[in-house]
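Just below is one structure, and these are the notes that go with it.
Where a number appears in this text, it was derived from the coordinates with a stated rule and is not lab data. In this text the structure is predicted, and so the values were computed from the model without any measurement. Backbone-built Cβ (ideal geometry, glycine too); neighbour counts: all protein chains shown.
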Amino acid sequence: MVLADFRKAEGISLEQAAIALGLSKRSRSHLSRVERGASASIKLALTIERWSLQRVDALDLVADDDAELLRAFAAARASRAGSA
């Protein structure tokens with residue numbers, strides 16, 4: 001699900017989302033840019049994914065090279081969990 005669609009479906013304003021995500025006033029405009037297609041940092045993308053209860057996928061919010069890093073991390077984590 002796209003971040004803006006999630007927010008609107010939940011009746012949450014951009015300002016409310018920014019506050020819930022712990023963004024500073026200075027960083028709040030960045031959330032608007034992310035909704036319009038700018039890449040989020042891995043930290044912000046993962047925070048949004050947790051906040052949205054996984055309805056917004058972090059992989060959809062980051063640049064391609066960061067998405068590749070997240071996929072590799074998830075694969076390594078799953079491999080470790082499978083061997084435990």
>> Between ARG50 and LYS25, what is the label-point separation in nm under the 7 Å Cα-to-beta-carbon projection?
In response: 2.6 nm
> Can you pull the three principal axis extents for the Cα set of the chain, in Å, largest first?
Replying inline: 43, 24, 21
> In deg cm²/dmol and to the nearest 500, what is the mean residue ellipticity at 222 nm of the chain if only DSSP H runs of at least 4 residues count, each as -39500 (n - 2.57), divided by the residue total?
Replying inline: -19000 deg cm²/dmol
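Dividing the Cα radius of gyration by the Kirkwood radius, what Rg/Rh value follows for segment 26-72?
Details: Rg = 10.1 Å, Rh = 10.6 Å.
Here the Rg-to-Rh quotient is 0.95.
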